[in-house]
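Before we start, here is the structure in question, set down as structure tokens.
Read-outs: derived from the displayed coordinates by stated rules, not from any lab. Every value quoted in this text rests on a predicted model; they were computed, and no experiment measured them. Cβ: placed from backbone, ideal geometry, glycine included. Neighbour counts: every protein chain shown.
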Amino acid sequence: MRQGLAWWQKGVIYQIAVPSFSDSDGDGMGDLRGIINNLDYINDGTPNSLGVDAIWLTPINASPMLDFGYDVSDYLSINPRFGSAGDFLELLQKCHERGVRVIMDMVLNHTSSEHPWFVGSRSSRDDPRRDWYVWRDGKAPGKTPNGWLAVVEGSAWEYDDDTRQFYYHAFLPFQPDLNWRNHEVREALFGVVRSWLDRGVDGFRLDLINFLYEDVLLRDNPRKFGLRPYDWQVHLYDRSQPESLDAAKELRRITDGYEGRVLMGEVYTDTREDAVAYLGDGTDALHLSFYLDFAQRKWKAEGFRESVGWLEEHLPPAGWPCYYLNNHDLPRTYTRLGKGGDAEARAKVAAAMMLTLKGTPILYYGEEIGMPTSKVPRKIMDDPIGKKFWPIPVGRDGARTPMQWNGERNSGFSRGEPWLPVDRSYRARNVALQDDDTGSLLNWYRRLIWMRKERPSLLLGSYRTVEGAPKGVFAFLREYGKERTAVFLNFATRAAAVELQADEVRGRKPEVLLSTHREEGIEMHPGKLELGPDEALLLKI
């Protein structure tokens, strides 16, 4: 393993939902100034802070905000709801002074229907930007060009009465897909990327990178059985086309022209091979490809072990894994994985797994204090998916509620009325309370993150599972040079015995580095190790 790994391989990335993190001006919506005001919490250079190495910001470009900013109306400006260009440059500067990188969310698959590009494209079939989007005639009067479905259900085609053609939208009708087969579109978007790199951003999280291109012939997808309409098709022709990977490689070439930058990609797919494919050979496409399979696992040690093992086996030789359990689109794991058990204990086991596996961990704001998935009443929902399918609980607002800073009014998030209601757990579950509690989930995350920085085996080491771990236990070794760290994660509510093999302990007594059940520094007897229920244990071997 190379000692000279890049910062994004060694670092911990922290996703901030900008509208929900901290509101500095009292308008009820989080902003860039709110992030600046809380940089000490993010990383002040000491173990009293979270200690993350980069922040990933949800979209901050100008937008009507009909879909959390993923409907961009101007790629080169800052949404005034979040602040000014000056605020963003100040955030960049102050983060860089602390050694914290800043990653922007970049939505290259589609724009807002209010973007001037689409307004022009829609105005006339003769408009110079008509071909900047995917317009087609129907198969017959009243018939769509093909049977493709939008991810959020229904047809992926929307009819425009004025120009009497359909435009394609892989997601929502107000998010028309750009036509990446148009050379001017590609050059315009590559120019956007260069512009932000020139301003000093440290990289991008690329939204839906595998959706950039569609089949040139617009062939219908084969049908299959599925639980929801979108899953009734095998998505052969409307996503993960070879040209999308080519675009990722071109973006990598651009990014490689700037020192120390990173490309993270959302590869939305039910096929694990797709996530690996967008790494290319590990040097020529995405630096990090999101692995949805891991994030969707249920609370079973065997499931997570299998998911990690599969990725380890299928990564290209120069590829690097990354893992996440929470983000702005998923129900929070404190609720999802905690259901039916001790949610607090499970959250500590999950944190230990995330922060000790080989690869880059991506955390989500509030995860470190165990924020739950909130129940947001329909009348104040913001998420268009939640509103469309209510009362089916598929909306995403519950994972986007304001950060719970303290037990005061509005949890210290805002002086005004928050854009989404603060979860009712905030008085008992907030940063201020957990900051003073050495046994809190927040301080567990802090200890894990800072220990990770100090142990080369956790940053650079190889990964292999511990043979013979009993059912319900995920156990693995990280090794770098002479340093070895053993990780034991008991997903079960019962005690479990683990046999430490002679080659794993090398005749020495393991020492407790960190445990949810034991004091640090205690020496353990080699041989049989008794794990407590829901215990996370890190041993120095």
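Using Cα atoms only, what is the angle between the long axis of helix 242-255 and the major principal axis of the chain, expressed in degrees (0 to 90) to the nearest 10?
Helix 242-255 and the main axis of the chain meet at about 70 degrees.
If you don't mind, another one. In the range 462-540, how many lysine pairs have Cα atoms under 22 Å apart, counting only pairs 8 or more places apart or on different chains?
Lysine pairs meeting both conditions in the range 462-540 amount to 6.
Can you tally the net charge around Asp177? Count Lys and Arg as +1, Asp and Glu as -1, for every other residue whose Cβ sits under 10 Å from the Cβ of Asp177. List each step's numbers first, then the result.
Working: positive: none; negative: Glu214, Asp238.
So the surrounding residues net to -2.
Further, regarding this structure: What is the helix-to-structure angle for 441-454, meaning the angle in degrees between its Cα long axis and the longest Cα principal axis of the chain, kept from 0 to 90 and rounded to the nearest 10?
The angle comes out at about 80 degrees.
If each residue's Cβ is checked for other Cβ atoms within 10 Å, how do Arg199, Arg305, Arg252, Arg205 rank with the fewest at the top?
Ranking Arg199, Arg305, Arg252, Arg205 by Cβ neighbours within 10 Å, fewest first, gives Arg199, Arg252, Arg305, Arg205.
Step through the residues of the range 330-338 one at a time and calculate ³J(HN,Hα) from phi using the Karplus curve (6.51 cos²θ - 1.76 cosθ + 1.60, θ = phi - 60°), rounding each to whole Hz and writing x for Gly and Pro.
Working through the residues one at a time gives 10, x, 5, 5, 4, 8, 5, 8, x Hz.
Right, next: What is the distance in Å between the Cα centres of the range 444-476 and the range 69-132?
About 39 Å separates the Cα centre of the range 444-476 from the one of the range 69-132.
Set the bar at 27 Å for Cα to Cα. Now go through Lys10/Lys249; Lys94/Lys348; Lys300/Lys388; Lys143/Lys249 and name every pair that lies beyond it.
With Cα atoms farther than 27 Å apart: Lys94/Lys348; Lys300/Lys388; Lys143/Lys249.
I'd like the distance separating the alpha-carbon centroids of the range 1-50 and the range 354-399, in whole Å.
Distance between centres, Cα-based: 18 Å.
Counting only residues 5 or more places away or on other chains, whose amide H sits under 5 Å from the amide H of Ser155 once H atoms are built in the peptide plane?
For Ser155, whose amide H was placed from the backbone, the distant partners under 5 Å are Ala150.
Skipping prolines and chain starts, which residues have an amide H placed within reach, meaning under 5 Å, of the one on Leu514, given they are 5 or more residues away or on another chain?
It is Leu538, by chain and number.
Roughly what angle does helix 301-314 make with the longest principal axis of the chain, taking Cα atoms, 0 to 90 degrees, to the nearest 10?
Taking Cα atoms only, the helix is inclined about 70 degrees.
If you don't mind, another one. Karplus couplings for the range 368-380 from phi (6.51 cos²θ - 1.76 cosθ + 1.60, θ = phi - 60°), rounded to Hz, Gly and Pro as x?
Here the 3J(HN,Hα) series is 6, 10, x, 4, x, 6, 8, 9, 9, x, 4, 5, 10 Hz.
With unit charges on the beta carbon (Lys/Arg positive, Asp/Glu negative), name the residue among Gly257, Ala469, Ala17 whose Cα is farthest towards the positive pole of the charge dipole of the chain.
Ala469
HN-Hα J couplings of the range 319-324 from phi, Karplus 6.51/-1.76/1.60, θ = phi - 60°, integer Hz, Gly and Pro as x?
x, 9, x, 9, 9, 8
Follow-up question, since we're still on this one. Mind listing the long-range amide H neighbours of Gln165? Cut-off is under 5 Å, sequence gap 5 or more, other chains count too, H placed in the peptide plane at 1.01 Å from N.
Asp160
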